[in-house]
Amino acid sequence: MTDKPFITCLWFDTQAEEAATFYTGIFKNSELGRVHRYTQAGPGPEGSVMLVEFELNGQKFSALNGGPQHTFNEAVSIVVTCADQAEVDYYWANLVEGGQEVACGWLKDRYGLRWQIVPAVFFEMIADPDAGKAARATCAMLGMTKFDIVALEQAYSDA
């Protein structure tokens, strides 16, 4: 049985290296790793980028240039837990650039990958044993596109 950490593989058409560079430019604790190229065995053109290894905040990823037959969808997203509104705003602005705002803290980036930009305090609010407080926080979130912590806290505290 393996004891190695999991690596999330993200399938791109031809933008693996561009996407890895984009993501590592946003997350401060990140790095680009090895770039693997297709050989004469293919299936991509010999010498073109096949796979890029990269790390975001300690999480390992690989970006694969696998062709257009598979694309990202809403069934999978990456959750970014933020300490405060400044972090929510930072990650939201950078990841949504060239992409699309969705709802409830979700966005789709320029490559079609879905992200959830969520303040840590929201998880605390919805875990509150006071069901009324948790429900008010949830209702507030459902009306938001990007999270607004002040509005969440106000809804959560209102009796």
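Whether any residue in the stretch 77-84 is over 14 Å from the mean Cα position of the chain (by Cα) and either assigned to a strand (DSSP E or B) or surrounded by 15 or more Cβ atoms within 10 Å (Cβ to Cβ) (or both) is what I want to check.
No, there is no match, as no residue in the stretch 77-84 is over 14 Å from the mean Cα position of the chain (by Cα) and either assigned to a strand (DSSP E or B) or surrounded by 15 or more Cβ atoms within 10 Å (Cβ to Cβ) (or both).
Report yes if Phe147 is outside any helix (DSSP H, G or I) and in contact with a Phe, Trp or Tyr (Cβ under 8 Å, 6 or more places away or on another chain), otherwise no.
When the stated conditions are applied, Phe147 passes them.
Starting from the stretch 7-19, keep only residues that are of a type in the set (Asp, Glu), then list their pairs with residues that are assigned to a strand (DSSP E or B) whose Cβ atoms are within a distance under 6 Å, requiring at least 6 positions of separation or different chains.
Matching pairs, first to second residue: Glu17/Val49; Glu17/Val52.
Only one of Cys104, Cys139 is of a type outside the set (A, V, I, L, M) and not in a loop (DSSP other than H, G, I, E, B). Can you tell me which?
None of the others qualify; the one that does is Cys139.
Looking only at the stretch 53-95, filter to residues that are of a type in the set (A, V, I, L, M) and touching a Lys or Arg at 6+ places or on another chain (Cβ under 8 Å); which one of those is nearest to Phe22 (Cα to Cα)?
So the residue we want is Ile78.
A short reminder: the numbers here are calculations on the coordinates, not readings from a lab. These figures come from a predicted structure and were not determined experimentally. All Cβ positions, even for glycine, are placed from backbone atoms using ideal geometry, and neighbour counts span all protein chains on display.
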